[in-house]
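What follows is calculated from the coordinates using simple rules that are stated; it is not laboratory data. All of these numbers come straight from a predicted model, not from anything done at the bench. Note: ideal-geometry Cβ built from the backbone for every residue, glycine included; neighbour counts use all protein chains shown.
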Amino acid sequence: MPVKQAEFFVSNSDPAKCPKPDRPEYAFIGRSNVGKSSLINMLTSRSTLAKISGKPGKTQLINHFIIDNEWYLVDLPGYGYAQVSKTDREKFAALIDGYLTSRPNLLCTFVLVDSRIEPQKLDLDFMYNLGEKGLPFVVVFTKTEKLGPTKLQATLDAYRARLLETWEEVPEFFVTSAITAAGREDILAFIRPLNQAYKSEEK
Ligand code: GDP
């Protein structure tokens, strides 16, 4: 079932000012240029909801979108932008960390990785930190239409192997493409039952 309604809600540079945690939310994060804005637009079937740009490092705010009047989709700042100063990088890290640890309604974080690039320490470290904090996450492989099935499988296997060096279980993987809309239904089908479970717990 596609998203019916998707609207920008609010942007913030202070986690404490994020909306009241009154509905389930899902955060999307990854290194700059991974394809996060494109994925958000693809998921919501809106071509301009999140701003796509060739320029990495532009999203430096926490952006809340409200989906079907039911859940928040949260666009987090991209990390690992080399041209940002150390002080700014630390500021972003604190912003992201402050957000992640202050949202009781955050049901899952979608960590985006570029399927064309071998597992990166920066991404693995980010996943490690989520795991350490006990925050549920899944891995979203972007731009997969660029790879043939063999190469794609090799990427998935490489990630699985790297994650198994640290963890006993591997989080769920989603294979996506903003060009072909691959993975859209899988991600929405993953979110729906979590929303349902959240609703029934609230009663
Ligand atoms: P963000 O910085 O993570 O928000 O990334 P963007 O969504 O702005 O995308 C960065 C670049 O990757 C842009 O040039 C996009 O057109 C391109 N891109 C994003 N998703 C895909 C995809 O699924 N396939 C391909 N081939 N290119 C993509």
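If the reach is capped at under 14 angstrom between alpha carbons, list the aspartates and glutamates near Lys133, excluding any in the same chain fewer than eight residues apart.
Asp97, Asp125
Just how large is the dipole of the chain about the Cα centre, in debye to the nearest 20, putting +1 at every Lys and Arg Cβ and -1 at every Asp and Glu Cβ? It would help to have the intermediate numbers written out before the result.
Details: 26 positive and 25 negative charges, 138 e Å.
Dipole size: approximately 660 debye.
Nearest-5 percent of antiparallel DSSP beta bridges in the chain?
Given both bridge residues lie in the chain, the antiparallel proportion sits at roughly 35 percent.
Using +1 at the Cβ of each Lys and Arg and -1 at the Cβ of each Asp and Glu in the chain, identify which of Val84, Leu73, Met1 lies farthest towards the dipole's positive end.
Val84
Counting only residues 5 or more places away or on other chains, whose amide H sits under 5 Å from the amide H of Tyr79 once H atoms are built in the peptide plane?
When sequence neighbours closer than 5 places are left aside, the close amide H contacts are Gly30, Arg31, Ser32.
Projected onto the charge dipole of the stretch 77-203 (+1 at Lys/Arg Cβ, -1 at Asp/Glu Cβ, origin at the Cα centre), which of Ile179, Phe141, Trp167 gives the Cα projection farthest towards the positive end?
Projecting each Cα onto the dipole axis, the largest value belongs to Ile179.
Among the lysines, select those whose C-alpha is under 22 Å from the C-alpha of Lys199, and discard any that sit fewer than 8 residues away in the same chain.
Lys4, Lys20
Between Thr166 and Leu194, take the C-beta separation as r, use R0 = 35 Å, and let me know the FRET efficiency to the nearest 0.05.
E between Thr166 and Leu194, to the nearest 0.05, is 0.90.
Looking at the square roots a ≥ b ≥ c of the eigenvalues of the Cα gyration tensor of the stretch 94-203, which shape do they give, rounded for a/c under 1.5, prolate if a/b is larger than b/c, or oblate?
Oblate.
If the viscosity is 1.567 mPa s and the temperature 4 °C, what Stokes-Einstein diffusion coefficient in µm²/s follows for the stretch 6-202 when Rh is the Kirkwood radius over Cα pairs?
Translational D for this selection: 76 µm²/s.
With the Cα gyration tensor of the stretch 1-56 giving a ≥ b ≥ c as the square roots of its eigenvalues, does the rule (a/c under 1.5 for rounded; else a/b larger than b/c for prolate; else oblate) give rounded, prolate or oblate?
Judged from the Cα gyration tensor, the stretch 1-56 comes out oblate (a/c at least 1.5, b/c at or above a/b).
Search the structure for amide H atoms under 5 Å from the amide H of Val10, placed 1.01 Å from N in the peptide plane, and list their residues when 5 or more places away or on another chain.
For Val10, whose amide H was placed from the backbone, the distant partners under 5 Å are His64.
Give, in nm to one decimal, the length gained when the segment between Gln60 and Thr101 is fully stretched (0.36 nm per residue of separation minus the Cα-Cα distance).
Here the answer is 13.0 nm.
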